[in-house]
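Worksheet: one structure, shown below.
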Amino acid sequence: MTRAERFLLLLLLACGGTSHPVASPRDETDWQREVAPVFDGTCKRCHLPAGSAKLDLSSAAAWLQHADSIKSVLIARSMPPEGPGLTDEQRAVLLGWLQSR
Ligand code: HEC
């Protein structure tokens, strides 16, 4: 982990208390617009309700519920576990969505 990433992690942990577990209609709309395109291309094949990862991440509600572990895998760059990873820009979009909740 670089210094910048460690800083980002601390920042996210510090903000952790502000996220709320219930997705509003606006959360869903924003999720569809911002997160879904990246999710569809990079996470969906394993993270659907019946996916191999056994962790359904196909909605804003699921992202809010699992926000902390999603932030961790994005910062650690541990997902996707194989193949081309996310670009910095894609990670920023996903983290940005989580952080703005
Ligand atoms: C090739 C299949 C595959 C892809 C693609 C994939 N995942 Fe995963 N993911 C898994 C599996 C399998 C697990 C459970 C085992 C593990 O933790 O390694 C997992 C676990 C997770 C977890 C839980 C980690 C924890 O510590 O509890 C999160 C969060 C996650 N994935 C997010 C993502 C995101 C976000 C993407 C897209 C950027 C993604 N995954 C892409 C297979 C995948």
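Couple of notes before you dig in:
Yes/no matrix, rows are residues, columns are (1) on the phi > 0 side of the Ramachandran plot; (2) assigned to a helix (DSSP H, G or I); (3) modelled with pLDDT of 95 or more:
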position: 17; (1), (2), (3): no, yes, no
position: 21; (1), (2), (3): no, no, no
position: 44; (1), (2), (3): no, no, yes
position: 49; (1), (2), (3): no, no, no
position: 53; (1), (2), (3): no, no, no
position: 61; (1), (2), (3): no, yes, yes
position: 64; (1), (2), (3): no, yes, yes
position: 70; (1), (2), (3): no, yes, yes
position: 78; (1), (2), (3): no, no, yes
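- Exactly one residue out of 95, 57 is near the ligand (Cβ under 10 Å from one of its atoms) and at pLDDT 95 or above, and it is 57.
- Residue 40 at pLDDT 95 or above, in a loop (DSSP other than H, G, I, E, B) and acidic (Asp, Glu): no
- Pair list, Cβ under 8 Å, 6 or more apart: region 55-80 residue within 18 Å of residue 26 (Cα to Cα) and touching a residue at least 24 places away in the same chain (Cβ under 8 Å), other residue hydrophobic (A, V, I, L, M, F, W, C) and surrounded by fewer than 16 Cβ atoms within 10 Å (Cβ to Cβ): 61/22; 64/22
- Candidates 94, 86, 98: the one that is buried (at least 17 other Cβ atoms within 10 Å of the Cβ), touching a residue at least 40 places away in the same chain (Cβ under 8 Å) and part of a loop (DSSP other than H, G, I, E, B) is 86.
- One residue stands out among those in region 61-92 that are acidic (Asp, Glu) and more than 18 Å from residue 4 (Cβ to Cβ): the one that is farthest from the ligand (Cβ to nearest atom), which is 68.
The values are calculated or read from the model by the stated rules, or taken from the named source; none is laboratory data. Computed from a predicted structure; not experimentally measured. Ideal geometry is used to build each Cβ from the backbone, glycine not excepted, and the neighbour counts take in all protein chains shown.
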